[in-house]
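The values are calculated or read from the model by the stated rules, or taken from the named source; none is laboratory data. Quick caveat: nothing in here was measured; it's all calculated off a predicted structure. Using ideal geometry, Cβ is built from the backbone for each residue, glycine included, and neighbour counts are taken over all protein chains shown.
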Amino acid sequence: MPAPGALFLLRHGQSVLNAEDRFTGLLNPRLSPAGKDEAALAGALLASLSFSPDTVYTSTLRRTRNTARIVLDVLGDPNVPVLAAWELNERSYGSLTGRARRELLSELGPEVFRFWRRSYYGAPPPMSRAELGAIRRSRAFAGLPPEALQATESLSAVVKRVRIFWHQHLRPRIRAGEDVLVIGHGNSLRALCLVLDRLSHAEVEALNIPTGHPLLYRFTPGLVPLVRCGEYLNPLAARTAAALVAAAGGT
């Protein structure tokens, strides 16, 4: 049996709605200029390890797919298979979707705001049928099953779909010795870290994953991470970026 492959997790580069500090969720914005630079820097960090993925997984949302294209261009691997999976999509933020965080914090107060944004089981109020229909008609959701688009979601619901994806898709490839790059979102990657590292609810609520910083997981033969919570390729810069995410209230 081959040695297990490596897994890299990468949160997409900053989107234009990230730059405006809005709840993006299932909306489909493009990368900001800073986000394109983050993707290129992530590609350079991966290239410094001579990393060449066998497979890349993204969500179905444009900001992850564009990040993948930039990373693979930097790596000089444009022909690597890029597979889009709705299970890696960002959490549905319900009625918070598209709203400015500062505005909502003032409107709701810190306790309710944090419960809806960061708690494990808390889900915001659902978005309207009209808002849901507009997202359903977007290119990112064409042909996807009904369960791919929820009117609202808790982090626990994201963990459920990501856990299934890990067992059905990622785990078999890594067990077979493939090196895999997953480009996802703040919440779908937090959910995957919970699955990989068996994080407690408190640990995953406190976890912040910054945009554009590759996170490496290597595994024992039993697919237990060699380093719990993985290793950032640029630890100091990643810690600084994660602290900024935390200071802004988290993912």
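Tabulated data for the structure shown
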read-out	value
Test: residue in the range 157-169 that is over 13 Å from the mean Cα position of the chain (by Cα) and either outside any helix (DSSP H, G or I) or more than 27 Å from GLY5 (Cβ to Cβ) (or both)	yes
When residues of the range 67-91 are limited to those that are among the charged types (D, E, K, R) and not in a helix (DSSP H, G or I), the one nearest to HIS169 (Cα to Cα)	GLU90
Filtered residues of the range 47-64 (kept if assigned to a helix (DSSP H, G or I) and either among the hydroxyl-bearing types (Ser, Thr, Tyr) or touching a helix residue (DSSP H, G or I) at 6+ places or on another chain (Cβ under 6 Å) (or both))	ALA47, SER48, THR64
Every residue from the range 158-177 that is out of contact with any helix residue (DSSP H, G or I) (no Cβ under 9 Å at 6 or more places or on another chain) and in contact (Cβ under 8 Å) with a residue 12 or more places away in the chain	ARG171, ARG173, ILE174, ARG175, ALA176, GLY177
Count - residues of the range 70-114 that are more than 20 Å from the chain's Cα centre (by Cα), without any contact (Cβ under 8 Å) to a residue 40 or more places away in the chain and farther than 19 Å from PRO214 by Cβ	9
Some residue of the range 7-14 being among the charged types (D, E, K, R), over 17 Å from ILE209 (Cβ atoms), crowded, with 19+ Cβ neighbours inside 10 Å and at pLDDT 95 or above	no
Matching residues in the range 122-153 - criterion: being part of a loop (DSSP other than H, G, I, E, B), touching a residue at least 60 places away in the same chain (Cβ under 8 Å) and out of contact with any Lys or Arg (no Cβ under 8 Å at 6 or more places or on another chain)	SER138, LEU144, THR152
Some residue of the range 182-205 being of a type in the set (Lys, Arg), in a helix (DSSP H, G or I) and within 14 Å of LEU9 (Cβ to Cβ)	yes
Yes/no for PRO235 being under 15 Å from the mean Cα position of the chain (by Cα), closer than 17 Å to LEU45 by Cβ and either at pLDDT below 95 or not charged (D, E, K, R) (or both)	no
Enumeration of residues in the range 65-110 that are modelled with pLDDT under 95 and either among the basic types (Lys, Arg) or surrounded by 15 or more Cβ atoms within 10 Å (Cβ to Cβ) (or both)	ASP77, ARG101, ARG102, LEU104, LEU105, LEU108
